[in-house]
Amino acid sequence: MFVYILRRIVYVIPIVISVALVCFLLVHITPGDPLVAILPADASQELAQQLRVAYGFDRPLPVQFGLWLWKAVNGDLGHSIATGRPVLSEVMRAVGNTVTLAIAAALIGFTLGLFFGLVAGYFRDTWIDKVATSIAIAGVSVPHYWLGMVLVIIFSVELNWLPAVGAGPGGSGAWGWDWEHIRYLILPAITTSVIPMGIVTRTVRALTGDILSQDFVEALRAKGLRETSVFRHVIKNAAPTAMAVMGLQLGYMLGGSILIETVFSWPGSGLLLNSAIFQRDLPLLQGTILVLALFFVFLNLMVDIAQAAIDPRIKRS
Amino acid sequence: MSVTPIGAMSDAALQVGPAANARGYWATVGRRITRDKVSMVCAFILALIFLSALCAPWLGLADPYQGSMIRRLRHIGAPNYPLGTDELGRDMLARLIYGGRLSLVVGILPVILAFVCGTSLGLVAGYVGGRINTAIMRTVDVFYAFPSVLLAIAISGALGAGIVNSIVSLTVVFVPQITRVAESVTTGVRNMDFVEAARASGAGPFTIMRVHMLGNVLGPIFVYATGLISVSMILAAGLSFLGLGTKPPEPEWGLMLNTLRTAIYVNPWVAALPGAMIFAVSICFNLLSDGMRSAMDIRN
């Protein structure tokens, strides 16, 4: 097991460096000068040159990348051009709120997805299966930002039950697990949960169907096991793959939250990314994307290791 | 599909492939899919949306750019405005139908481009193998390290708003996914006897890839790509929704959803209409892709 973990970690290192390279290059594919956002339109050439030297944009690209990477490794992602605050602390505060949202959405989405998937797989080709798969396909096809709007229309505009935007009293830095705050979480969490719900349902349904058609299930039944015990075997066999899919979905929720956070003005990393894009705050853009991508890589690593821990077949291959 | 696996195979290959059926493979698949009610309904709805978008100027619709300050935000079913008017008093029905033009192009074109690039890359990686395979597939791995929404928005955000930039960023998102599928399918086909036979009879690598492999790998990749259209539609409209796609006053579903967002307290259901169009197209493509997958799975 130890060797396996070590091998996975070694394999991740080149990925992490390449991810950093992509994030670094993002700033350099932008049309025009990276400084265009902070320079006044009538800035003199001299001032532009001074700033270019101050930000290190005058050096050759590989040198810039090396320096940037070295600083990033030491936890320095530079300063936001718009606010002047350190990028890392801005990103970390926002990520906290995104994690809150992702966990709530995962609880809803995975619970429903596992339930629908198991039921649909078990009662394959019955009406129960048809209902569950229809919900799943609607879940993966719905434009989630639109679903968010529709939920706001129903529960905030028409019924006036739940708040439409924000993260509750105290703003972005004052999250707590009490009703005053949770009220604000409900709609964004439901909206975020539909895609993972659909994907988990579809995966688990297919897995359950495959497992139930295998010979060992026949043997278990022939042995006289009750259906509940047979079902336990099904769950055990479906667990590694289902877990991998759920881990990946959690990563997508953390990294792909920008649309939903924009709809609900949820003060997470997605909203931060949105403002970084429109204020052309390149260090913040670069830093947010880097942190989110690294989260995703790390999560994938964890999933691989956890999968190997519960399924010995994976380690051997 | 003009290239069928059987037609594409040489004589040597014919004896190995699934050519024993009286009816050709694609003919069987076609028959199976036309018998699937869900797929046919989806195909009909999609055809309707496509044709109306294509023929929009000849449908006798109102001008989608012509606003009116006194006719803003009419409700659904208002006289002369069957689907109401938007925040600038423009006819929603006309804008939804005209909106299909840009929305469908920006949603579907990236998948087509990625299908071409990804299939070529995957075919080369899978067939040539060795260092070229490592180079292509490791690069693909790097793009897999980003959640696709994040990658699309990062590239679009860096390039700046615009239709071309949206198409480019979405293509970059889908190429690695299609490459991975194409590579794994190609690796599966490459060691089959008919490829060996073609090689033994003196065919060069390019001929083998084009004539013998392409027809056999296209099917699964095509099904995978049709499944991506739904994601692409949602992402493309999402980029416009964020303000990274086309610019006002162009009718486009994602952008319309964005500009109508301020109107949800005045006229909520009109504001939700553009999203319903995206949803309809997306779910139809998903169901059609599912139908196609099960139709191609001849074993059942």
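Just so it is clear, none of the values below were taken in a lab; they were calculated from the coordinates. This structure is a prediction, so every number in the text was calculated from the model and none was measured. Note that each Cβ is placed from the backbone with ideal geometry, even for glycine, and that neighbours are counted across all protein chains shown.
Here the peptides A:5-13, B:112-120 are ranked by packing, the mean other Cβ count within 10 Å, and the order with the highest first is B:112-120, A:5-13.
Among B:78, B:236, B:271, the largest mean-square fluctuation in a Gaussian network model of chain B, built with springs joining Cα atoms closer than 10 Å, belongs to B:78. For chain A, modelled as a GNM whose springs connect Cα atoms under 10 angstrom apart, the maximal fluctuation among A:166, A:268, A:198 occurs at A:166.
For the range B:140-226, how big is the tail of P(r) above 18 Å, as a whole percent of Cα pairs? Value for the range B:140-226 (Cα pairs over 18 Å): 56 percent.
When the Gaussian network model of chain B links Cα atoms closer than 10 Å, the mean-square fluctuations of B:80, B:267, B:165 top out at B:80. Counted by neighbouring Cβ atoms within 10 Å, the residues B:132, A:137 run from fewest to most as B:132, A:137. Peptide A:145-158 has a mean shielding of 5, counted as Cβ atoms of other protein chains within 10 Å of each residue's Cβ.
Which whole number gives the average, over all residues in B:263-271, of C-beta atoms from other chains lying within 10 Å of the residue C-beta? The per-residue average across the peptide is 3. Think of it this way: in chain B, B:55, B:117 stand alone, with no other Cys Cβ under 4.7 Å. What net charge is computed for the residues neighbouring residue B:88, neighbours being all others with C-beta under 11 Å from the C-beta of residue B:88, Lys and Arg scored +1, Asp and Glu -1? Residues near residue B:88 contribute +1 overall.
For residue A:223, the lysines whose Cα comes closer than 30 Å to its Cα, not counting residues fewer than 8 places off in the same chain, are A:236. Given axes a ≥ b ≥ c from the Cα gyration tensor, I'd like to know whether chain A is rounded (a/c under 1.5), prolate (a/b larger than b/c) or oblate. Taking the square roots of the gyration eigenvalues as a ≥ b ≥ c, chain A is oblate.
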